[in-house]
1. Those residues that are in contact with a Ser or Thr (Cβ under 7 Å, 6 or more places away or on another chain), in a helix (DSSP H, G or I) and over 18 Å from A:Lys82 (Cα atoms), I need them from the stretch A:7-34; list them, please.
2. Do we find that B:Pro54 is touching a Pro at 6+ places or on another chain (Cβ under 6 Å), surrounded by fewer than 17 Cβ atoms within 10 Å (Cβ to Cβ) and over 22 Å from B:Tyr128 (Cα atoms) in this structure?
3. Of all residues in the stretch B:1-24, which are in contact with a Phe, Trp or Tyr (Cβ under 7 Å, 6 or more places away or on another chain) and either of a type in the set (S, T, N, Q) or surrounded by 17 or more Cβ atoms within 10 Å (Cβ to Cβ) (or both)?
4. Does the stretch B:163-172 include one or more residues that are part of a strand (DSSP E or B) and within 14 Å of chain A (Cβ to nearest Cβ)?
5. Give the residues of the stretch B:88-131 that are in contact with a strand residue (DSSP E or B) (Cβ under 8 Å, 6 or more places away or on another chain), at the interface with another protein chain (Cβ under 7 Å from one of its Cβ atoms) and hydrophobic (A, V, I, L, M, F, W, C), sorted by residue number.
6. Output the residues belonging to the stretch B:34-86 that are charged (D, E, K, R) and over 20 Å from B:Glu181 (Cα atoms).
7. Name the residues in the stretch B:132-155 that are more than 10 Å from chain A (Cβ to nearest Cβ) and more than 16 Å from B:Phe105 (Cβ to Cβ), would you?
8. Among the candidates A:Ala73, A:Ala101, A:Ala38, single out the residue that is touching a Leu at 6+ places or on another chain (Cβ under 7 Å) and either more than 21 Å from A:Glu118 (Cα to Cα) or hydroxyl-bearing (Ser, Thr, Tyr) (or both).
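Please treat every number below as a calculation from the coordinates, not as lab data. Because the structure is a prediction, the values reported are computed rather than measured. Backbone-built Cβ (ideal geometry, glycine too); neighbour counts: all protein chains shown.
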Amino acid sequence: MNEAGNKLKVLIADDAIFMRTMIRDILEKNGYEVVGEASTGKEAVEKYQRLQPDLVTMDIVMPGMGGIEAVKAIMKIDPNGKILMCSAMGQKALVIEAIQAGAKDFVVKPFQPSSVIEAITRILEG
Amino acid sequence: MGYYHELGEFERDVLKELCSIGTGNAATSLSEILAQPISMQVPSLDVISPEEMPDNLGGPELEKVVVFAYLTGKYPSRFLILFSVEEAKSIAEVLIRQKVEGLDFNDHKQEMVRSVLLEIGNIIISSYVSAIGNMINAPMIQSAPQIKYDILGSIVDEFCIESASESNELLLLKNEFVTAEREILFDIIFMPTEESFLSIMQKLKGE
């Protein structure tokens, strides 16, 4: 909840519908409102502008514009943007690049619901 | 005879260790995503030519679900993970909690099934990529994965033969995982370019 008592809004960016569904399920069960889903980096940037979420979960590897480029584009629009990267194992170099570009934290797939919620709480309270 | 056959005993052991670590990573990841404890058998490792692959896995007409990704950067390679149709359906059923009657990735109603299998394949491939990256202490860059449901003969033509000029050998890893309820069988194919393979081996040996 934010200070006004409303649910915090999250945008999910992942090219896999299965991962989007799984993340949505975790978020909704923990009191967040999923305001949108994106399957490419480009769509994530467009929806970020339109939906103004409190946080974005961002897959790293997506077709077309990937997650790192999308982080860079979102940080240009909103330097205070809060982005959680969702990476597969073995993407350490890409995770570092994303953090340098402005992402606040990361979780490694496959993730436990608790690790996603802990990371989101850290970002939103930090 | 290709470059693998020129490796010494020590180098083959190092390679087997690399495969075991990758398989261990894959078992951990699958266990988390399926929310079930998984134990693993030691994977069997063979080196074969792309032409030998179909017969090695059940014949060119046998249908398989394949997830494919490649590594770019300093160590260009291809990764394929192959599931039998029954295995693929059964994994999808656990994750989407619905019966899967047949497989048809062109049917939009099966978008979730396709997505589950693509993601499982991606996570398993990443487990091996991570093992290589950690062992040689180098960043590995993996492409977005692709998925296909086809007969083995076509899978080889599409994903293996086109790189015949780069490599005439592939490493075939047969895996067997065991949960409380069942076995999960899948095959991994790793096709580094010759240069890439030799660079990885040099790094593994600390040269």
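1. A:Ile17, A:Phe18
2. No; evaluated as a whole, the condition is false for this residue.
3. Within the stretch B:1-24, just B:Gly22 meets the criteria.
4. No, there is no match, as no residue in the stretch B:163-172 is part of a strand (DSSP E or B) and within 14 Å of chain A (Cβ to nearest Cβ).
5. Scanning the stretch B:88-131 gives B:Leu118, B:Val129.
6. B:Asp46, B:Glu51, B:Glu52, B:Asp55, B:Glu61, B:Glu63, B:Lys64, B:Lys74, B:Arg78
7. Matches in the stretch B:132-155: B:Met135, B:Ile136, B:Asn137, B:Leu152, B:Gly153.
8. Residue meeting the stated conditions: A:Ala38.
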